[in-house]
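The values are calculated or read from the model by the stated rules, or taken from the named source; none is laboratory data. This one's a predicted model, so the numbers in the text were calculated from it and none came from an experiment. Note: ideal-geometry Cβ built from the backbone for every residue, glycine included; neighbour counts use all protein chains shown. We work out accessible area using only protein heavy atoms, side chains counted, and drop any ligands, DNA or RNA first. Shrake-Rupley method; radii C 1.70, N 1.55, O 1.52, S 1.80 Å.
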Amino acid sequence: MRARRQWSLLLLALLLTLTLVPWQAARAQQTGPAAGRDQVVIGMSQEPDFLNPMFAEMAAAVAVLDTIFVSDIERDNTWKLFAQGVEAIPNLKDGTWKLDGDRMTLVWKIKPRNWSDGRPVTCADFVFTHNVARNEQVPVIVRDLTNRISNIVCTKGASGTDITVNWKERYAYANLTITEYGALPRHVLEKYYRANPSKLNEAPYGNDPAITIGDGAYKLVEWRKGASMTVEAVPNHKLFGTPKIRRITWRFIPDTNALVANMLSGAIDAIGTIGITFDQAVQLERQAAGRFKVFFEEGLIWEHIDFMLDNPLLADVRVRRAIAHGINREQMVQQLFGGKQPVSHSYLPTKHPGYPRGDQGVTKYPYDPARARALLQEAGFSPGPDGVMRNAQGQRLSFELNTTAGNRVREQVEQIIQQNLREIGIEIKIQNYPARVYFGEITNRRKFPGLAMYAWVMSPTSDCDQLYTSDGIPNEGNGWAGQNYPGYKNAEMDRLCKAASREVDEAKRNQLLNQTVQLFSRDIPALPLYIRASVAAAKPGLQGFTAVQLSGTYETWNAHRWFWQ
Amino acid sequence: MQRYILRRLLQMVPIALGISILMFALLTLAPGDPVDLLIASDPRVKPQDVARLKRIYGLDQPIHIRYVKWLGRTLRGDLGFSRTYKEPVTHLMRDRIGNSLWLTVTAFVLALVVAVPVGIYSALHQYSPLDYLATTFTFFGVSIPVFWFGIMMIYLFAVWHPWTALPALSWLVLPPGGISTPGVAGGLPFYLDRLRYMLLPSIVLALLSMATYTRYTRSSMLEVIRQDYVRTARSKGLAERTVINKHALRNALIPLVTIVALSISGLFAGAPITETVFAWPGVGRLLVDSVIGGDYVAAQAVLMFLAVLVLVFNLIADIGYALLDPRIRYD
């Protein structure tokens, strides 16, 4: 009897502990006032892979890196360029960007600042980082700019801030970054590099908060793998002062429904662009009017359908145009996205500086089934007994449409396309593949027989070189390199795209790109569908947070200016 | 018995080797080599970059050479370096197994603590209102999809929580996901904080096994209490409590013990769906993420670890069965 009483008391004590302690914690979590708060918790569906810019592959990593590293040149949310880590953007007028035949020289001066351990950022750090990237043994993935640069010179000594970069060839966007990977702290990384260059990506720098130092407004203080990551403001930063938000924590919640639930519960303050889907953002806006600001920002992700131009039926531009006229894209974006993701008309998004203002000269294909049928008739097709068009040789206008399996939005779009095209006598057979197979075998090896739907992530510096030039058609000979999956060949397009990628004068470059956009819309090697909007959400009290959809720039670009109101 | 154990241990070697060959081949030959995929996703990656990276990672060698090298490294305890997580796989596994064990052991204990008494009560009071309630509960338990139940629990306890109108119940607002509050360091506050985060996922995870264990206990108990030896015990004039505890329950639990032993390997494997919904960094999520992310090094290590665990716990279950049931003898 006594033993039983003791057990009961023990149980009671345990229950009380379990009740009271979490209650206090729950109260603290719920009652925290927004104004004056100095922390922000951001939800992300991805976890950064690594915080060494040279090896980081994931967009999630870039979003965090924006806070712990300074960019040489940055873009704001209106896409305007500004000098962040350098005194000025080199330009042709003042001689800081000099052309010498095919070669170029750019002169930079970096703004004085320190690494978060107090050591100064110097020219030697830039030279070291560039030399590491050049080393064949280092498993850095992209060396596009690195291979174009011949050398870097510290004009006022290794400990100075003056840098001259000599380029082997002309490159249109050479004034957007000093080198491909900027500066990494030589005094921390050099010993790992000397020990084993091929395992530099296994060094603790980029992983261990104790030695992962940067020169940004924040420094990494905690990384709980699989759960969360926290950065803390660097006080009295030479470029940014002391940020009002002292700590930013990212919580990694892979299930996007759970991410929305976290936002609704108040456990997180914001969801960045690497978070919820478009549908969920619409739902969140509806469910929580007033409690959150939901941002829809027309971005740079371009959803389209590639035509396989090796297919003789699709090689005829009239058939491609008929397909474009036969799909009601305007109604599609209204029905599926409430018009928040607009129809696109060429390969560059309308916000891209190379897109002709006011759609000038861009051929558009409004929904017009009568025009579509007329085009097919002109191409020698007439309706067969089953309603499907066929030509004199009896070939039916029947195409396979492929996309990534399990993507609900794309599956809905497929159904609309199938239904629309049936009305003009074109049969569409849907065959979808898991993303790995689709992008690893089908699109990049040009194995799709008819139509392939997917998206390209463009950036403000994207052009059509490799994307729609004939040397960008993947084949066994070139190791399946290049992104011209439709197999589009047009000598004029080749000339314009190559010239644009080498043109250093921005106005002239945009003029060349305008022409490529017009030519593309006329030849239509791929059917533009719509521009995806990037979505984000934040509590209304968080000031300065905006959705950004730029490759390489995420909403954290101005984190040092955020504050709670 | 010793000879039997030795024989089984020796048999495990070729089985484990066979599994490793099959697993290595399936993962390696799957379409979409992780380095090849880089070129498809980023126009700045050139064929020479792909060739260079393949050389650095040893992916340019024939599959059998890669397998032998991988096996050699694994036997030396080097599980490789994860490309997705940029961490040695041994570190990754150590942390993830720890996290998964927190969750799965809690769920497991919770399931057993509820399921066994409920199953016994149900069997002893067959067709009573409580028995109907318990069988209906088990029916729901095995039918409800885990991801849906997880999201519903998040909505109920973290988003909606209507009971917070009563201040006494306001502690019942639980975190919707994650493993702990960032910044909470070691000691008692850390464990209490972890407990709060663990409540929802462990309840969700426990539900399914709870239902299964209840059904097993109930049916096994029903079978046993009708046996002659139970009737004999009663006719000897033994107290009902003694009859149930000493004669019926001990025999009724034998099949349950086997199932429990077999499911222990599953505790280390984590629970991919629950871990994903509740953002719990466990082994299950590691496996799913590494397969999706094309991180073969991590996926191979996790799969091999799980395969060996299943083999070991199968053996333990067989031995345990023999120890519990004197009718079973292995030679």
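If you take the residues in segment A:129-147 that are more than 10 Å from chain B (Cβ to nearest Cβ) and out of contact with any strand residue (DSSP E or B) (no Cβ under 6 Å at 6 or more places or on another chain), which one is most open to solvent (accessible area, probe 1.4 Å)?
Within segment A:129-147, the first condition is being more than 10 Å from chain B (Cβ to nearest Cβ), and the residues that meet it are A:129-135, A:146.
Remaining after also requiring out of contact with any strand residue (DSSP E or B) (no Cβ under 6 Å at 6 or more places or on another chain): A:129, A:131-135, A:146.
On the way: A:Thr129: 2, A:Asn131: 69, A:Val132: 2, A:Ala133: 2, A:Arg134: 116, A:Asn135: 36, A:Thr146: 3 Å².
It comes out as A:Arg134.
Residues that are of a type in the set (Lys, Arg), at least 1 per element: which helices (runs of 4 or more DSSP H) completely within segment A:311-408 meet that?
Helices (runs of 4 or more DSSP H) meeting the threshold: A:317-326, A:329-337, A:369-378.
Of all residues in segment A:182-207, which are away from chain B (no Cβ under 14 Å) and open to solvent by 30 Å² or more (accessible area, probe 1.4 Å)?
Quick first cut of segment A:182-207, residues away from chain B (no Cβ under 14 Å) only: A:182-191, A:193-195.
Those that are away from chain B (no Cβ under 14 Å) and open to solvent by 30 Å² or more (accessible area, probe 1.4 Å): A:Arg186, A:His187, A:Glu190, A:Lys191, A:Arg194, A:Ala195.
Picking from B:Ile316, B:Ile273, which residue would you name as being open to solvent by 60 Å² or more (accessible area, probe 1.4 Å), part of a helix (DSSP H, G or I) and within 14 Å of chain A (Cβ to nearest Cβ)?
Values: B:Ile316 fails: within 14 Å of chain A (Cβ to nearest Cβ).
That would be B:Ile273, the only listed residue that is open to solvent by 60 Å² or more (accessible area, probe 1.4 Å), part of a helix (DSSP H, G or I) and within 14 Å of chain A (Cβ to nearest Cβ).
Among the residues of segment B:66-84, what is the count of those that are closer than 30 Å to B:Thr274 by Cβ, within 14 Å of chain A (Cβ to nearest Cβ) and open to solvent by 20 Å² or more (accessible area, probe 1.4 Å)?
4
Quick one: in segment B:170-207, which of the residues that are modelled with pLDDT under 80 and open to solvent by 40 Å² or more (accessible area, probe 1.4 Å) is nearest to the other protein chains (Cβ to nearest Cβ)?
Among them, the one singled out is B:Trp171.
Condition first: among the acidic types (Asp, Glu) and under 12 Å from A:Lys539 (Cα atoms). Now tell me which residues in segment A:257-314 satisfy that.
Listed by number, the residues that qualify are A:Asp269, A:Glu285.
Does at least one position in segment B:52-65 carry a residue that is under 25 Å from A:Ala455 (Cα atoms) and within 12 Å of chain A (Cβ to nearest Cβ)?
No - not one qualifying residue is present in segment B:52-65.
Would a scan of segment A:340-356 turn up a residue that is out of contact with any strand residue (DSSP E or B) (no Cβ under 8 Å at 6 or more places or on another chain), among the small types (Gly, Ala, Ser) and open to solvent by 50 Å² or more (accessible area, probe 1.4 Å)?
For segment A:340-356, residues out of contact with any strand residue (DSSP E or B) (no Cβ under 8 Å at 6 or more places or on another chain), among the small types (Gly, Ala, Ser) and open to solvent by 50 Å² or more (accessible area, probe 1.4 Å): absent.
Take the residues in segment A:409-442 that are touching a strand residue (DSSP E or B) at 6+ places or on another chain (Cβ under 6 Å) and in a loop (DSSP other than H, G, I, E, B), then tell me which one is nearest to the other protein chains (Cβ to nearest Cβ).
That would be A:Gln431.
Restricting to segment A:474-500, count the residues that are open to solvent by less than 20 Å² (accessible area, probe 1.4 Å) and modelled with pLDDT of 90 or more.
Count: 10.
With (1) open to solvent by less than 50 Å² (accessible area, probe 1.4 Å); (2) at pLDDT below 85; (3) over 27 Å from the mean Cα position of the chain (by Cα); (4) over 30 Å from A:Leu264 (Cα atoms) as the list, and A:Pro22 as the residue in question, which single condition is left unmet?
(4)
Quick one: would you say A:Ala233 is closer than 15 Å to A:Thr556 by Cβ, open to solvent by less than 10 Å² (accessible area, probe 1.4 Å) and more than 12 Å from chain B (Cβ to nearest Cβ)?
Against the criterion (closer than 15 Å to A:Thr556 by Cβ, open to solvent by less than 10 Å² (accessible area, probe 1.4 Å) and more than 12 Å from chain B (Cβ to nearest Cβ)), A:Ala233 does not qualify.
Restricted to segment B:127-144, and to residues that are assigned to a loop (DSSP other than H, G, I, E, B) and open to solvent by less than 60 Å² (accessible area, probe 1.4 Å), which residue is nearest to A:Val260 (Cα to Cα)?
The residue in question is B:Ile144.
For every residue, the table says whether it meets (1) among the acidic types (Asp, Glu); (2) farther than 21 Å from A:Thr146 by Cβ; (3) part of a helix (DSSP H, G or I); (4) modelled with pLDDT under 85.
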| position | (1), (2), (3), (4) |
| --- | --- |
| B:Leu17 | no, yes, yes, no |
| B:Leu26 | no, yes, yes, no |
| B:Gln48 | no, no, yes, yes |
| B:Leu53 | no, no, yes, no |
| B:Ile65 | no, yes, yes, no |
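Looking only at segment B:140-162, which residues are of a type in the set (A, V, I, L, M, F, W, C) and touching a residue at least 12 places away in the same chain (Cβ under 8 Å)? Give the derivation first.
Applying the first criterion (of a type in the set (A, V, I, L, M, F, W, C)) to segment B:140-162 yields B:140, B:142, B:144, B:146-149, B:151-154, B:156-160.
Those that are of a type in the set (A, V, I, L, M, F, W, C) and touching a residue at least 12 places away in the same chain (Cβ under 8 Å): B:Phe140, B:Val142, B:Ile144, B:Val146, B:Phe147, B:Phe149, B:Ile151, B:Met153, B:Ile154, B:Phe157, B:Ala158, B:Val159.
If B:Pro34 satisfies all but one of (1) open to solvent by less than 50 Å² (accessible area, probe 1.4 Å); (2) facing another protein chain (nearest Cβ under 7 Å); (3) not hydroxyl-bearing (Ser, Thr, Tyr), what's the number of the condition it fails?
(2)
For segment A:260-296, how many residues meet the condition of being within 14 Å of chain B (Cβ to nearest Cβ) and of a type in the set (Lys, Arg)?
Qualifying residue count, segment A:260-296: 1.
When you check A:Asn257 against the structure, is it of a type outside the set (Phe, Trp, Tyr), open to solvent by 40 Å² or more (accessible area, probe 1.4 Å) and within 11 Å of chain B (Cβ to nearest Cβ), yes or no? Quick ask: steps written out before the conclusion?
On the way: of a type outside the set (Phe, Trp, Tyr): yes; open to solvent by 40 Å² or more (accessible area, probe 1.4 Å): yes; within 11 Å of chain B (Cβ to nearest Cβ): yes.
Yes: the conditions hold for A:Asn257.
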